[in-house]
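What follows is a short report on a single structure.
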Amino acid sequence: MTRHRVDHAAQRYGLVATQDIKLGMMTLLKNILCDQCVNLLPELVSDDAKGNRKRLREQLAIYSFQFKSAPDTFGKQRMALNGKVGGMKDNVCIVLQLGVYFSSKELLYA
């Protein structure tokens, strides 16, 4: 289940996704990458097409599971999908995942 979020003060809109949605997005993207089914248009519509293509490749290379140990004996080990390593960002990778995941759902076509 996902929920849309509106931050009126910052005038931003977003998506709040559950852990299951995040895992689903990651799994679907991983599968289509392994099947070599992701293709980029030769000419991206962007003010920096070459830079954005490079940025996507870099972000996909480091985007992975991050495991955090339980804080104590009774705690739970945590797992997160993240590409924010050494100050890098993962926003382009997240957008690709969102596009792949939501375009695969017939009921979500606009």
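The values are calculated or read from the model by the stated rules, or taken from the named source; none is laboratory data. Here the structure is a predicted model, which is why all the values come from computation and not from measurement. No Cβ is skipped: glycine too gets one built from the backbone with ideal geometry, and neighbour counts run over all protein chains shown.
General observations
- Flag for Val95 being of a type in the set (Val, Ile, Thr), free of Cβ contacts under 8 Å to residues at least 24 places away in the same chain and under 18 Å from Lys22 (Cα atoms): yes
Here is a yes/no grid of residues against (1) under 19 Å from Gly14 (Cα atoms); (2) modelled with pLDDT of 80 or more:
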site: Gly51; (1), (2): no, yes
site: Leu60; (1), (2): no, yes
site: Gln66; (1), (2): no, yes
site: Ser69; (1), (2): no, yes
site: Met79; (1), (2): no, no
site: Asn82; (1), (2): yes, no
site: Ala110; (1), (2): yes, no
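- Failed item in (1) without any contact (Cβ under 8 Å) to a residue 24 or more places away in the chain; (2) assigned to a helix (DSSP H, G or I), with Phe67 passing the rest: (2)
- Residues being in contact (Cβ under 8 Å) with a residue 40 or more places away in the chain and closer than 14 Å to Tyr63 by Cα - total across region 7-27: 4
- All positions within region 12-49 that are touching a helix residue (DSSP H, G or I) at 6+ places or on another chain (Cβ under 7 Å) and loosely packed, with under 10 Cβ neighbours inside 10 Å: Glu43
- Against the list (1) out of contact with any helix residue (DSSP H, G or I) (no Cβ under 8 Å at 6 or more places or on another chain); (2) modelled with pLDDT under 85, the condition Phe102 fails is (1).
- Gly24 vs. criteria of a type in the set (Gly, Ala, Ser) and farther than 21 Å from Val92 by Cα: no
- Restricting Ser64, Ser69 to those that are among the polar types (S, T, N, Q), under 25 Å from Thr18 (Cβ atoms) and exposed (fewer than 10 other Cβ atoms within 10 Å of the Cβ) reduces the list to Ser69.
- Breaking point among (1) part of a loop (DSSP other than H, G, I, E, B); (2) of a type in the set (D, E, K, R); (3) at pLDDT below 80, for Arg5: (1)
- Scanning region 8-54 for residues that are part of a loop (DSSP other than H, G, I, E, B) and among the hydrophobic types (A, V, I, L, M, F, W, C) yields Ala9, Ala10, Cys37, Val38, Leu40, Leu41, Leu44, Val45.
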